[in-house]
Amino acid sequence: MTSEELQERVNKAAETVEKKMATIERHKKQLVKKAQPLEGWIDLNRYNDYRYNMELRDRYTMELRDRYKSETGRDLYWDIWDYSNKLSDIRGAEDSLKEAKRILTSWNVKLDAQLEKERTIEKVLPPIFNQLK
């Protein structure tokens, strides 16, 4: 593979990394929106506990759910699920970003090796051609 082809691959991999970073930022903005209705109602660091307690039909959590519904008109259970799913989206995008960065690094290493090989060829071949003349 030539250095030009490798450079194209590096550029495409860099674009992919940038897109994935933009996706993470978009998900984080959406997470803030998903968290807004829950603020003041639950501890967002313990959102899974509330979700689990609702599934068990814990008395305190069910009363909280009823109060939330009456004051906001929204369902606490589904708002917590939306928040949880958005966190999951962020984790998935971050994992995908790690993989894209790994691929970019791999292409950069290959490009560097190819460029070094081409520089060596440029240095070695002209004297050999002169000797052949």
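The values are calculated or read from the model by the stated rules, or taken from the named source; none is laboratory data. Everything quoted here is computed from the prediction, not taken from an experiment. Every residue, glycine as well, gets a Cβ built from its backbone with ideal geometry; the counts of neighbours run over all protein chains shown. Accessible surface areas use protein heavy atoms only, side chains included; no ligands, DNA or RNA. Shrake-Rupley method; radii C 1.70, N 1.55, O 1.52, S 1.80 Å.
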Subject >> the chain - percent of accessible surface contributed by carbon and sulfur, probe 1.4 Å >> reply: 51 percent
Subject >> Cα long-axis angle, helix 3-35 against the chain (0 to 90 degrees, to the nearest 10) >> reply: 10 degrees
**OP:** Return one number: the angle in degrees, 0 to 90 and rounded to the nearest 10, between the long axis of the Cα atoms of helix 76-132 and the longest principal axis of the Cα atoms of the chain.
**Re:** 0 degrees
Original post:
How large is the dipole of the chain about the Cα centre if only Lys and Arg carry +1 and Asp and Glu carry -1, each at its Cβ, rounded to the nearest 20 debye?
Top reply: 140 debye
**OP:** Take TRP81, project a point 7 Å from its Cα along the Cβ direction, then tell me which residues of the stretch 22-42 have their backbone nitrogen under 15 Å from it.
**Re:** none
Original post:
Ranked highest first by average number of other Cβ atoms within 10 Å, how do 104-110, 120-126 line up?
Top reply: 104-110, 120-126
**OP:** Express the accessible area of the stretch 22-67 per residue in Å², computed with a 1.4 Å probe while the remaining protein chains stay in the model.
**Re:** 71 Å²
Subject >> Tilt relative to the chain, helix 59-72 - C-alpha long axis, 0 to 90 degrees, to 10 >> reply: 80 degrees
Subject >> Sorted largest first, extent of the chain alpha carbons per principal axis (Å) >> reply: 94, 22, 18
**OP:** Would you please put 39-47, 4-12 in order of how densely packed they are, using the mean number of other Cβ atoms within 10 angstrom per residue and starting with the highest?
**Re:** 4-12, 39-47
